[in-house]
Amino acid sequence: MMKKEVVLYNKPNGEYPVEQFLESLPGKASKKITWVISLIEDFERVPTQYFSKLTDSDDIWEFRIKLGSNIYRVFAFFDGNKVILTNGIIKKSQKTFEGDIKRAEEFKKEYLSRGRK
């Protein structure tokens, strides 16, 4: 089994969108999201209720975390054995907002344009 590493995407200006998202949430929500994300490092297969590939996207994946009446979504993509977390949202409906997926795709494109380190 190849170990996966979770990495936070950072913008060229040094900002980390996922970190900012997590810091904006109540502690309990941030803790549960962090726990679900850690599953990808600990297990080869993460249940699709928590982590799945988004259709009609440029290979963008989504973590889904439900807590109370809120659904939190964190977008990501793969770079070899790394899972790069890009941005997150709080969802109130089933439909994923196109703008949030597009943002994740733009972050992916920018990240990959830097070259591998």
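Please work out if D59 is surrounded by fewer than 16 Cβ atoms within 10 Å (Cβ to Cβ) and outside any strand (DSSP E or B). In short, yes.
So, E98, is that one in contact with a Ser or Thr (Cβ under 9 Å, 6 or more places away or on another chain), closer than 25 Å to L112 by Cβ and charged (D, E, K, R) or not?
no
When restricted to residues that are in contact (Cβ under 8 Å) with a residue 12 or more places away in the chain, charged (D, E, K, R) and farther than 20 Å from K11 by Cα, the stretch 57-105 contains 3.
Apart from one condition, I101 fits all of (1) closer than 16 Å to Y16 by Cβ; (2) buried (at least 16 other Cβ atoms within 10 Å of the Cβ); the exception is (1).
Taken over the stretch 104-117, residues that are loosely packed, with under 10 Cβ neighbours inside 10 Å, among the small types (G, A, S) and either part of a helix (DSSP H, G or I) or at negative phi (or both) amount to 1.
Note on the stretch 68-81: residues that are closer than 15 Å to I40 by Cβ and surrounded by fewer than 20 Cβ atoms within 10 Å (Cβ to Cβ) total 4. Determine which member of the set E44, E15 is at pLDDT below 90 and more than 14 Å from the chain's Cα centre (by Cα). Only one candidate passes the filter, namely E44. For the stretch 59-73, state whether one or more residues are out of contact with any strand residue (DSSP E or B) (no Cβ under 7 Å at 6 or more places or on another chain) and farther than 25 Å from G27 by Cβ. Checking the stretch 59-73: not a single residue is out of contact with any strand residue (DSSP E or B) (no Cβ under 7 Å at 6 or more places or on another chain) and farther than 25 Å from G27 by Cβ.
Only residues that are under 14 Å from F75 (Cα atoms), touching a residue at least 40 places away in the same chain (Cβ under 8 Å) and not hydrophobic (A, V, I, L, M, F, W, C) were counted in the stretch 1-52, giving 2.
Condition test on I65, is it touching a helix residue (DSSP H, G or I) at 6+ places or on another chain (Cβ under 6 Å) and either in a loop (DSSP other than H, G, I, E, B) or surrounded by 15 or more Cβ atoms within 10 Å (Cβ to Cβ) (or both)? So I65 passes the test. The single condition among (1) part of a strand (DSSP E or B); (2) within 13 Å of the chain's Cα centre (by Cα) that I71 does not meet is (2).
Out of all the residues in the stretch 82-91, is one or more surrounded by 10 or more Cβ atoms within 10 Å (Cβ to Cβ), of a type in the set (V, I, T), touching a Lys or Arg at 6+ places or on another chain (Cβ under 6 Å) and more than 16 Å from V7 (Cβ to Cβ)?
Yes, the conditions are met somewhere in the stretch 82-91.
The values are calculated or read from the model by the stated rules, or taken from the named source; none is laboratory data. These figures come from a predicted structure and were not determined experimentally. So basically every Cβ, Gly included, is an ideal-geometry build from the backbone, and we count neighbours across all protein chains shown.
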